[in-house]
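Each remark here refers to the structure printed beneath this line.
Just so it is clear, none of the values below were taken in a lab; they were calculated from the coordinates. Only a predicted model underlies this, so the values are computations on that prediction, with no experimental measurement involved. Please note: Cβ atoms are built from the backbone with ideal geometry, for glycine as well, and neighbour counts cover all protein chains shown.
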Amino acid sequence: MGNLLRKKNKSIINIYILAFLLLSFQLNTYSQTGGKIQGVVFDNKTGEKLIGANVILNGTTIGAATDIDGNYLIKNIPEGEYSLTVSMIGYTKTKIVNIKITNGVYKKINVSLDPATFETGEVVITADVLKNSENAVLRLQKRSGSIVDAISAELIKKNNSSDGTDVLKRMSGVTISQGKFAFIRGIGDRYNNTLLNGSELPSTDPEKKSFSYDIFPASLIESIVTSKTFTPDEPGDFSGGLVKINTIDFPAGFVFNYSTTVKYNSLTTGKAFTTYNGGKTDYLGIDNGTRALPTIITADKVVRGNYLPGQLQKIGLSFKNNWKTFSQNAPINGGLNMVIGDKIILGKGTQLGYMGSFIYSNSRETKLITQRNYTFQGLRYNYNGGNYSRKIEWSGLLNFSLKFNNTNKISFKNLYSQNTKDNSIFYEGSYKYADQYRQVTSIDFIERTLISNQVIGSHQLNFFNGLKINWNISYATSKRNEPDRRRYVYARDIFNPTEPLRFLLDQAIATRYFGKLKDHIFNFNTDFTFKLFNSPTMPNFKAGLSYNKKDRNFKARIFGFKNDFGGNFLREDSILKKSVTDIFQPKNFNNKFIQVTETTRPSDSYTANQKIYSAYLMFDVTIFSDLRIIAGTRYEQSNQNLKSKTITNEDLIINRTYRDLLPSINLTYHYNNDINLRFGYSRTLARPEFREMAPFSYFDFTTNELVQGNNKLVRSLIQNYDFRFEFYPAPKELIAVSFFYKNFQAPIEEILIASSSFEPIRSFENGNDAKNYGIELELKKSLNFIAPFLNNFFFVGNTSFINSNIEIGKKNGFQRNSRPMQGQANYIMNFGLYYDAYATGFSSSITYNKVGKRISRVGFSGLGDIVEMPRDQIDINITKKIFKHFNLRLAIRDLLNQDRIFIQKTPLGDKVSERQKLGRNISLALSYQL
């Protein structure tokens, strides 16, 4: 253990040294006089970034023109106070005043230009109004052609969001299920999608269509925007929301941020924590071979027919005797985060920008759990215990952007993410079907790896009135490795508490599982934006093509341990009363005692691929000067192919092709400068995931359920209707009311099935149809209207009321013909009060979150629905700037520390199915920002 800590500390010291050297180099290279102004110029009505706008620093000969992304940069500006004039043919000239320039400091000033329908005077704006990123995000939301919600990096930092789920649950209509999966407008992760800088990313969890947003540090994020209505230039497989993560592309100057965090959990830190002896590289979240399948095991199934007794004995001995868990005090949790970036001038008009980041987090969490399961016959089991989880997360991001001139740019974006959970789970209690008292132990180590590489290009040509071409090529690999998951049970007669516990030597209970899953994803898309006529009143057209291919290979092997023929463990001095380490001593693997046997089924491996070909055409036009129309259609042809075996070793082949036309229309009526009325209609879809179609089944120990796919699943089609009223009374302020209605054809839901093995089976099923509808209310408002002393206080809140109904029909075994959709909460509340004293560098916030009742798992064949109950969550964050470049942040998460409670509907009434105690989290972070 000491060696591991020394190695870990040495690695961290090396990181510090590297950061210091890079910092020293950059400071020497870029310590120059003069300041900089950088920003983006865009159309005030459409939000389109403008190319070729002139930006002049008044009273000087210094200026710049905007490039293909609407960006401009003016550098080497002497200290002083200036004004800036921005102009472009067809737009009203805009002047920004009171710009204070300081040596070595850059200012970011984004400018919006109004289309000039007749001759007007110039618009004068004070520079201070444009500093705030939250204000910039609201401007983006205001000028969007569709219905979107957005959150800025500023608000992410104020909330002290620890990961992406914390960010998303603060957005209107968003809830988080199982601590990690996003439900938007009451519908699950399968109906949502994620784009990074306009490119699709693979799921970070190959079991689900989900993405972990915490792999991006807040210092790299400019904004997160959630599109709630579909436009044809977006992927068609979402209905709840399309989450768009936008990262900084070209920093204005040298950027260096470093932070380190320590975290305390009231239920874990310094308390007894169950763990086991792992490998030497566990602190990296990577198994070094400690848990690998023994090399003596070949592709042949390990059963008597394939091996002689002596060979089976050798195979049994090849497994490490590492079943034992032990308890130790949990150390304090911690992490670090480093970001570095710069822009380098290579020549006239040519620039190279780079951004790099590294994040590392090592945390332990104890979750105390009471778990019960009921059927119409009564209680199935009643367990108490805990899930002791160590979570290792680290990621590296390295982006390069090369700007050749104002009309051509290529970016290279690379991401590596490692996300590992090392779990030790222990339950004890009554197992009614066997009239036993049981002690159940499970150990698993789950590695998730994501590698993503993108090449992105943007170009503008001189024909078709400034034809813009954007293209994106990406290749990603997503892996899930679960080596050597161990499970075993000790039991005794439930009616005889003095009877000693005996190890259950049963091949279905004492098991070791090895599973590997790998996805390869290739994506290409290109977009063309053009005008047929050079007139502000004529439409912009946009067309594009895309190709997406995903290949998956999954293989699992399961080994059980049983009493060999002739063995007798029922004697009073039976070895089965001893510890698990004593039981699996080498001397006990002989023809009278323990024998290993492989219980892998033919269905426990599968290969799959999916191909999607897409094309779209849309137009964007403003008529009558205040009605904006974005309309078009997208065509998607998809093929899903899966090959596996049935339990009886028969070939199972799924080959389904879908051809879908996905129309969309979005209307925005600009009632005046501050009020928008929006309407949207679209048709979208949701495809089943490979895991949901595959016949493979496994035991999920955290829920005590078998999980099994359904090869009869088909894709869902959704009709979406949206209406929204928006009022922007002042910068940074918003009042919005949204109504939505969705109709689902063949929606896919998780279900519970009763089985002859007395364990419930979680599977997937298409319903007949479903409806989802609701209202969202959102308010962002300064409190200075109450009294002047509240000038630094700001309120942010959103509330959603949602209803849904899914029609099951007469499918055998369903609990009822109709019910709410799985995961849909009837209400969602998010409120936050923020205080900022910019002059003193002090800020604080208190936020509140509550989610209504929602179905966690759907009942089936006599098993009632399991419903997650509401709980109140309050978070507090306090930040103080100390010295010039340092910030100190204190955060308290889940102040009330209420239990998570799940209720199961039964004929005997509502029963508590599960209760989870999570603990209160307190963190202290020190950050340095150059």
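For the set 49/780; 301/550; 244/742; 555/645, the pairs lying more than 19 angstrom apart at their alpha carbons are 49/780; 301/550; 244/742.
Hey, could you get me the Stokes-Einstein D for the stretch 358-505, Kirkwood radius over alpha-carbon pairs, 20 °C and 1.002 mPa s, rounded to whole µm² s⁻¹?
In µm²/s, the coefficient is 106.
Restricting the trypsin sites (Lys or Arg not before Pro) of the stretch 247-286 to loop positions (DSSP other than H, G, I, E, B) with no more than 16 neighbouring Cβ atoms within 10 Å leaves 271, 280. A quarter of the convex hull surface defined by the alpha-carbon atoms of the stretch 683-744 gives 7.8 nm² as the mean projection.
Note on residue 344 and residue 60: the extension gain reaches 99.8 nm, defined as 0.36 nm multiplied by sequence separation minus the Cα-Cα distance.
Distance from the alpha carbon centroid of the stretch 583-642 to that of the stretch 761-799 works out to 31 angstrom. List the pairs from 209/850; 391/911; 391/516; 732/850; 107/781 whose alpha-carbon separation is above 22 Å, in the order I gave them. Where the Cα-Cα span goes over 22 Å, the pairs concerned are 209/850; 391/911; 732/850; 107/781.
Listed by chain and number, the aspartates and glutamates whose alpha-carbon sits under 13 Å from that of residue 403, ignoring those within fewer than 8 places in the same chain, are 67, 69, 249. Among 687-697, 588-598, the peptide with the highest mean count of other Cβ atoms within 10 Å heads the list, and the full ranking is 687-697, 588-598.
Note on residue 324: aspartates and glutamates with a C-alpha under 19 Å away, same-chain residues under 8 apart excluded, are 282, 287, 422, 428, 444, 482, 484, 506, 582.
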